[in-house]
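Beneath this line is the structure, given in structure tokens, with notes to follow.
Where a number appears in this text, it was derived from the coordinates with a stated rule and is not lab data. Note that the structure is predicted; figures quoted are calculated from it, not measured. Glycine also receives a Cβ, built like all others from the backbone with ideal geometry; neighbour counts cover every protein chain displayed.
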Amino acid sequence: DWSDYSHLWSENPDLHFELLNNKRNKHDGVFWMPFISFVKYFECVDICKLRHNWYEVRDSSNFYPVPKMMQAYYLTISYATELDITLHRKISKNLRIQRSDVSLCIAVINMEEQSNGNYRIYSMPIVSRRDQHKLISTNGFLQPGTYVILPFLFNQVNKYLDNTEFTIAIHSSHILDIQRIKLPLRIEREFLIKLCIFHGEPVRISKKSDNDDNQSDGVTIYELKKYWDGLVLLVENRHPSKYVHFHFRCTLSQNTLISRKDSRSELFDIIPPNYRQIIVTISRKSPSNSFTIGHDFEYMLSSQNFIKQGEGIKQKHWPKIDESQLSDDIHLPQCILSAKHN
């Protein structure tokens, strides 16, 4: 409507004078549109940041190079370095509908591999927000050392994706080196657990009586909202011998996706002694609309390791989760003692 020859300019002479008065070439490719049209047809704006004497490293790969594995990178830095990191998911216009169901995140972590084959993340110097656009970026400052870059593609509804290719670009104030590595998908569970512990908020539960001590039962509940457009709920059971019987209720949910398969409004879980569990992640579904999450929960300690009542009676988790030894289910309870210094 607002092309160079549009009648709208003559109907709005003040705008014509302000925006087109100094325009010399009507074929320069510059055009105007109302802001309401801009936000309707464009999801994001990319701004190229040019820095003098900075370095760039790029790589294109697949989020899942082989089954049950995710692409990651060793990052080696020799000098204190400032970085800008961008992750771009390759997606065609006809895949636009999938953008609301998957999301991206980048994290730079310190981790170690344990003797049992699991991984322990002990710091996250750089982490981006989880975002549903086709690209995300973050920045930070790193001291010399070796780190791991984790490019995540969160697909909570396990929707089939035609394309899982991506490009990562790292701009840095000093030369650095990256090397491709493959990590088991279960690293996502460790990442979410540590994200809750490092950046989540412990939930304070009202005491039942004056003699109760909130910390005496060894149970800590974390709610993560920072870095996550929604909610991640983690339960930690440090009681030496008793199981946590945890009951979660989603009382209100609008424009959200819930991570538990076949989930309804209620979840039941048994968390063993000295274990942690991601109970659920709830995420905004459509990035262009607001969302609402209403929830409550309750728990009790018991010597029994199964659900005592309800639809999931005699089970350990309801709805069920994959409890196999090498499961990459993010809801599988994870042992605390296997990760020292946690």
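The ellipsoid that matches the Cα gyration tensor of the stretch 55-185 has semi-axes, each √(5λ) in whole angstrom, of 25, 18, 12, with the longest given first.
Spin-label pair E323-L19: with each label point 7 Å from Cα along the Cα-Cβ axis, the two points sit 6.3 nm from one another.
Think of each Lys and Arg Cβ as +1 and each Asp and Glu Cβ as -1; about the Cα centre, that makes the dipole of the chain roughly 580 debye.
When the dipole is taken about the Cα centre of the stretch 181-318, and only Lys, Arg (+1) and Asp, Glu (-1) are charged at their Cβ, what size is it in debye, to the nearest 20? Don't skip to the end; give the middle numbers.
Values: 21 positive and 16 negative charges, 97 e Å.
Using Cβ point charges on Lys, Arg, Asp and Glu, the stretch 181-318 gives about 460 debye.
For N305 and V45, compute 0.36 nm times the residue count separating them, minus their Cα-Cα distance, and round to one decimal in nm. Each step should come with its number before you reach the end.
Values: separation 260, 0.36 × 260 = 93.60 nm, distance 5.12 nm.
Result for the pair: 88.5 nm of gain on full extension.
Which whole-number value in Å³ per residue fits the convex hull of the alpha carbons of the chain?
On the way: hull volume 68.5 nm³, N = 342.
Taking only Cα atoms, the chain has a hull volume of 200 Å³ per residue.
Set the bar at 24 Å for Cα to Cα. Now go through K225/K261; K285/K316; K68/K261; K68/K308; K49/K90; K182/K225 and name every pair that lies beyond it.
Details: K225/K261 21 Å; K285/K316 29 Å; K68/K261 18 Å; K68/K308 34 Å; K49/K90 21 Å; K182/K225 29 Å.
From K225/K261; K285/K316; K68/K261; K68/K308; K49/K90; K182/K225, over 24 Å: K285/K316; K68/K308; K182/K225.
Each principal axis of the Cα cloud of the stretch 230-342 was evaluated for its coordinate range; sorted largest first, these ranges are 45, 35, 23 Å.
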